[in-house]
Amino acid sequence: AAELGMDVNFGPKAPSYMRDAGFTDIRVDHMEVNNLNSDLRDFAAVATGWRDYVVGEVAAATGQTPEVIARLRSALDDFLYVVKSDRGFAAWPIYVVSGTRPA
């Protein structure tokens, strides 16, 4: 993710960014999509879309080498395999951060 200019920890950092921007009454809601609380076909479709977006558009936009793209595809294919497996556990955290906008 770092090679692509992505911060996978942005969600947990978002409240600090919002405080720095002057927001008040900041609220953080966290939910987790996983292969135990979601329809596996839907979760697999989202994971497939994410893999294709990262390996395609994001990798191209950041000028990644074929080797990096292959590593990304392999890692995301592994995640997708676990999503589809009835013996594995895959999770995707989602952070929703809100606050009162400064006047």
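The values are calculated or read from the model by the stated rules, or taken from the named source; none is laboratory data. A quick note: this is a predicted structure, and the numbers were derived from the prediction, not measured. Reconstructed Cβ throughout: ideal geometry from the backbone, glycine too, with neighbour counts over all protein chains shown. Keep in mind that these areas ignore ligands, DNA and RNA; they rest on the heavy atoms of the full protein, side chains included. Shrake-Rupley method; radii C 1.70, N 1.55, O 1.52, S 1.80 Å.
Yes/no matrix, rows are residues, columns are (1) over 17 Å from P93 (Cβ atoms); (2) assigned to a helix (DSSP H, G or I):
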residue: M18; (1), (2): yes, yes
residue: G22; (1), (2): yes, no
residue: R27; (1), (2): no, no
residue: N37; (1), (2): no, no
residue: R41; (1), (2): yes, yes
residue: A47; (1), (2): no, yes
residue: W50; (1), (2): no, yes
residue: A70; (1), (2): yes, yes
residue: D78; (1), (2): yes, yes
Report summary line: The lone condition A14 fails out of (1) in a helix (DSSP H, G or I); (2) among the aliphatic types (A, V, I, L, M); (3) open to solvent by 40 Å² or more (accessible area, probe 1.4 Å) is (3)
Report summary line: Across the stretch 60-77, the tally of residues that are within 18 Å of A45 (Cα to Cα) and surrounded by 13 or more Cβ atoms within 10 Å (Cβ to Cβ) stands at 5
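Name every residue in the stretch 88-103 that is closer than 22 Å to D20 by Cα, of a type in the set (G, A, S) and either in contact with a Phe, Trp or Tyr (Cβ under 8 Å, 6 or more places away or on another chain) or assigned to a strand (DSSP E or B) (or both), in order of residue number.
Initial filter on the stretch 88-103 (closer than 22 Å to D20 by Cα): 94-103.
Still in the running and of a type in the set (G, A, S): 98-99, 103.
Within the stretch 88-103, S98, G99 qualify.
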Requested in this report: Please work out if V28 is open to solvent by less than 90 Å² (accessible area, probe 1.4 Å), under 13 Å from the mean Cα position of the chain (by Cα), of a type outside the set (F, W, Y) and at pLDDT 90 or above.
Outcome: no
Report summary line: Of the listed residues (G56, G22, G63, G49), the one being among the small types (G, A, S) and touching a residue at least 60 places away in the same chain (Cβ under 8 Å) is G22
Requested in this report: Take the stretch 35-45 and flag every residue that is out of contact with any helix residue (DSSP H, G or I) (no Cβ under 7 Å at 6 or more places or on another chain) and surrounded by 15 or more Cβ atoms within 10 Å (Cβ to Cβ).
Outcome: S38
